[in-house]
Amino acid sequence: MLEFAVPGPAAACYGVATLAFSAFALHLSLGHRSSAKAALLLVAVCLSALWSGLNLAFAISASPLAWSAQALTDGLATIHRCRRCRMLTDAELCSICAAPGRDPALLCVVESPADVVAVELSGSYRGRYFVLHGHLSPLDGIGPEQIGAREFETLLDSGEVREVILATNPTVEGEATAHFLGERAAERKIQASRIAHGVPIGGELEYVDGGTLAHALAGRIIQR
């Protein structure tokens, strides 16, 4: 299985595009996190082009990294979506879904593979994921089918999931997507929770925007 050379709990989810990752890190002098995000984004764009029937060579040559076309072509030959969670991988199941130590009762829903990386880097989550590869956006032709609603419902119907953690972005589209998926969970009597939004650790109130502060006040908790 391909793995990015990144230490710590996030290493397991970097199992794609090793060559592209190295190219970003070495040739563009980016850090590990920026390199991983750039590589995952580029791989996702190229895979979308393939699945849409577009010419792969054109998709890559149109990117700012045309010089890495051969590396990407070689990598994309084996990369696909995990059968269970839709994370990018080169095996039937990604390394997270295949890990026996993961809690199948917890399902964290995110918009992109890069979001999986972000949560894994926190080191505080030991459940599984479901990657939407986008969010609901009717004006852009992105509906339930495009974000994997059918596969999501199949996971819920498996009987393993006890809580769905909706970790979509705090945008209008992200909130609408979270609401839609939350309703699918409620129909099956499965608890759905939304990640908290508020003041970042180390932040000062005078520099926090009004929307973020409003979320923080609405989601306040009792001090114990």
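The values are calculated or read from the model by the stated rules, or taken from the named source; none is laboratory data. Bear in mind that the values here come from a model prediction, so they are computed numbers and not experimental data. Cβ sites come from the backbone with ideal geometry, for glycine too, and all protein chains shown count toward neighbours.
Things worth noting here:
- Within the stretch 165-216, tally of residues that are surrounded by 10 or more Cβ atoms within 10 Å (Cβ to Cβ) and either polar (S, T, N, Q) or outside any loop (DSSP other than H, G, I, E, B) (or both): 31
- So Ser122, is it surrounded by fewer than 18 Cβ atoms within 10 Å (Cβ to Cβ) and touching a helix residue (DSSP H, G or I) at 6+ places or on another chain (Cβ under 7 Å): no
- For the stretch 176-194, a residue qualifies if it is of a type in the set (Asp, Glu) and within 17 Å of the chain's Cα centre (by Cα), but none of them does.
- Verdict on Leu93 being modelled with pLDDT under 90, outside the structural domain of His133 (by TED's automatic domain parsing) and surrounded by 13 or more Cβ atoms within 10 Å (Cβ to Cβ): no
- Residue check, Glu204 modelled with pLDDT of 95 or more and more than 14 Å from the chain's Cα centre (by Cα): no
- For the stretch 162-181, the count of residues that are out of contact with any helix residue (DSSP H, G or I) (no Cβ under 8 Å at 6 or more places or on another chain), farther than 23 Å from Ser137 by Cα and at pLDDT 95 or above is nonzero.
- Qualifying residue in the stretch 129-137 (condition: touching a strand residue (DSSP E or B) at 6+ places or on another chain (Cβ under 7 Å), farther than 20 Å from Ala105 by Cβ and either surrounded by fewer than 16 Cβ atoms within 10 Å (Cβ to Cβ) or at pLDDT below 95 (or both)): yes
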